[in-house]
Structure formats: structure tokens, C-alpha cells
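The values are calculated or read from the model by the stated rules, or taken from the named source; none is laboratory data. Bear in mind that the values here come from a model prediction, so they are computed numbers and not experimental data. When we count neighbours, we look across all protein chains shown, and the Cβ atoms used for this are built from the backbone with ideal geometry, even at glycine. All accessible areas refer to the heavy atoms of the entire protein, side chains included, with ligands and DNA or RNA removed. Shrake-Rupley method; radii C 1.70, N 1.55, O 1.52, S 1.80 Å.
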Amino acid sequence: MEPVRVVSRQIWRAGEPSVGKRSIAEEAAVALTYNGGTYAVMMTTPQDLEDFAVGFSLAEGIIGSPTDIDSLDVMRIDEGVELRMWLSKPRAHRLDERRRHIAGPTGCGLCGIESIAEAVRPAAIVEHERQFSSEQIMVAMRSLPLRQTLNIETRAVHAAAFWDVTKGIVAIREDVGRHNALDKLSGALARSSIASGEGIILLTSRVSVEMVQKSAAIGAPVMVSVSAPTALAVRMADAAGITLVAIARADGFEVFTHPRRIADGAVAVMTR
């Protein structure tokens with residue numbers, strides 16, 4: 001299943017009709033299963049699905065590292081895709097216990113989450129104190145659009161990327177869903193053993209509380225988005241020790257939490 005499909009369409013411009021073709025993003029139902037049981041079904045761009053499986057599993061706390069997955073198969077079926085994972089015995093046991101605790105009709109339907117308190121659970125604490133200059137933030141965000149290959153073609157997908165001071169963007173993932181794009185990035189970083197404490201997460205979407213939780217799980221000290229955060233996301237980032245930068249435009253950006261990591265001048269240094 002390709003991530004982009006070319007379709008025919010009728011065009012109306014300046015009151016005149018014409019016909020042509022357009023590339024549009026594909027969307028597929030993707031089921032994540034563990035040891036034979038379905039945990040969640042997500043609508044996802046069918047690309048980088050191994051990264052998605054690992055990143056989603058990390059974000060949900062199902063695994064602690066990619067090595068907790070004994071096997072991972074991408075099974076393409078008529079209705080969509082199944083990401084079939086078999087976990088190590090300790091992780092499989094923990095997941096079975098979790099499923100038993102949430103069994104029943106009281107769940108809220110958010111990927112195994114049974115309560116509002118769990119949905120807004122505290123994020124992991126990020127303690128990395130790497131500093132970045134304001135110019136580095138601008139350089140990172142300027143480099144993002146040119147790397148969004150799916151969005152250049154379709155104008156319909158979100159991106160999540162990881163920017164390194166010395167290497168620039170070392171990983172970028174795109175998806176119709178902003179959460180999925182970040183999960184895919186998380187999986188890519190974990191599978192490549194990239195040190196998350198030395199870089200910046202770049203986002204093309206608004207910053208919701210889930211995006212902060214996922215970024216905290218990755219462990220990056222700074223997250224930057226072109227859009228605005230929600231109030232709850234700001235409170236969550238503050239509590240997690242994350243420097244939240246948003247509304248990043250060509251003329252600057254706004255820092256909402258922990259501004260100590262953003263240094264003046266062209267060069268940033270490590271703080272102790």
C-alpha cells in the first residue's frame with residue numbers, strides 16, 4: 001500500500017472548470033496487536049510502520065526499549081494493515097495484567113486508557129540541560145519544510161523531526177495524524193539508538209498534552225512547533241522540565257516554558 005495515491009478531479013478556478021490529477025495522502029486502518037490480542041486501531045499513513053509500532057509501544061509504556069519486542073511483522077490485509085508484535089515474557093505479563101485491570105464497560109476508549117486521570121498522566125521528567133541558541137532554533141525550523149517530501153506532494157500531512165546541532169535533521173517522519181508522526185519519529189530514534197538528549201524535536205502541528213507526553217518519553221529537552229500549544233500542554237511541559245517553543249515563524253518564536261535552554265547569541269554552551 002503506497003502512502004500517496006493519484007486521483008482525478010474537477011477544478012474550479014476563477015469561475016472556470018477544468019480537469020486534472022492530484023496526489024493525495026493515503027490513509028489506512030492500522031491495528032497494533034501484542035501476543036495475539038488487538039490493543040488499538042489507528043488511522044495512519046501506511047509508511048514507516050515498523051517505526052510506528054515501536055514508537056507507539058514506547059509511548060504507551062508497553063515496552064521500555066525495542067528489544068522488548070521479540071518479533072514484529074507488518075501484515076497487509078484487505079481492510080488495512082496489522083502490526084503483529086510478540087513481546088518478551090516480562091512485558092507480555094505486564095500487558096496481560098494491564099488488560100485485566102481495564103476490562104469492563106467503563107473505559108473511555110483511548111488505547112487502553114480507563115480514566116481521565118490516566119489520560120492526563122504526568123509526563124516523564126526531562127533532565128538534559130543542553131542549551132541551544134535562538135539562531136539554531138531558527139535554522140532547525142527553516143530546514144524542516146524542504147524535508148517534508150510527502151507534504152510537498154500532498155499538502156495534507158504532519159511531520160515530526162529530530163534536529164541535531166552538528167548533523168541537522170537526522171530523522172523525519174510524516175503522517176496524516178500528528179500523534180502518529182511523532183510516534184513514528186520516536187520509533188525511528190529508538191531503533192537507531194540516537195541520543196535524544198542532544199537535540200530538538202520539531203513539529204508542524206499544534207502542541208497538545210499528548211504531544212508533550214510523547215516528547216517527554218523520547219527525552220528531548222526542547223520541542224519546537226510552528227503552531228500554538230494548549231494551556232494544558234504548557235502546564236505539562238513545565239512540570240516535565242521541557243522547554244516548549246511554539247508559534248515558530250520566519251521572524252521568530254515564543255518560549256512558553258524553561259527558557260534557560262535558549263541562549264542569546266550564535267553559540268550555545270552546555271550548562272551544569
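Summary table
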{"item": "Given charges at beta-carbon only (K, R positive; D, E negative), |dipole| of the range 148-235 in Debye", "result": "120"}
{"item": "Farthest toward positive dipole pole in the chain [+1 Lys/Arg, -1 Asp/Glu at C-beta], among Gly219, Ser192, Val19", "result": "Val19"}
{"item": "Extension reserve of the Arg99-Ser227 stretch, reckoned as 0.36 nm per residue once the Cα distance is removed", "result": "42.5 nm"}
{"item": "Most mobile of Ile172, Ile218, Ile247 in a GNM of the chain (Cα contacts under 10 Å)", "result": "Ile247"}
{"item": "Of all accessible heavy-atom area on the chain, the percent that carbon and sulfur account for (1.4 Å)", "result": "53"}
{"item": "Distance between the range 161-215 and the range 1-75 - C-alpha centres, whole angstrom", "result": "16"}
{"item": "Total charge dipole magnitude, the chain, about the Cα centre, Cβ charges on Lys, Arg, Asp, Glu only, Debye to nearest 20", "result": "300"}
{"item": "Under 9 Å, Cβ to Cβ, from Leu182 - net charge with Lys/Arg +1 and Asp/Glu -1", "result": "+1"}
{"item": "Nearest-10 value in Å² for the accessible area of Ser71, using the 1.4 Å probe", "result": "40"}
{"item": "Mean Cβ neighbour count within 10 Å, used as a protection proxy, ranking 47-55, 1-9, 25-33 highest first", "result": "47-55, 25-33, 1-9"}
{"item": "Protein-only accessible surface order, largest first, of Ser133, Ser193, Ser88 at 1.4 Å", "result": "Ser193, Ser88, Ser133"}
{"item": "Within straight-line cross-link reach of Lys167, lysines at Cα separation under 24 Å, skipping those fewer than 8 residues along the same chain", "result": "Lys184, Lys214"}
{"item": "For His93, solvent-accessible area (1.4 Å; no DNA, RNA or ligand), Å²", "result": "110"}
{"item": "Label-point separation, Ser143 to Ser88 (7 Å along Cα→Cβ), nm", "result": "3.3"}
{"item": "Three-way shape call for the range 156-272 based on the alpha-carbon gyration tensor, with the a/c threshold at 1.5", "result": "rounded"}
{"item": "Listed candidates (1) 1.10; (2) 1.00; (3) 0.93 - label of the one calculated as Rg/Rh (Cα atoms, Kirkwood Rh)", "result": "(2)"}
{"item": "Net +/- balance of residues flanking Lys21 in space, Cβ distance below 11 Å, scoring K and R +1, D and E -1", "result": "+3"}
{"item": "Relative contact order of the chain, pairs being alpha-carbon contacts under 8 Å that are 6 or more residues apart, as %", "result": "19"}
{"item": "Beta bridge orientation in the chain: antiparallel %, DSSP, nearest 5", "result": "70"}
{"item": "Estimated FRET transfer efficiency when R0 is 30 angstrom, pair Ile194-Ser8 (beta carbons, to 0.05)", "result": "0.15"}
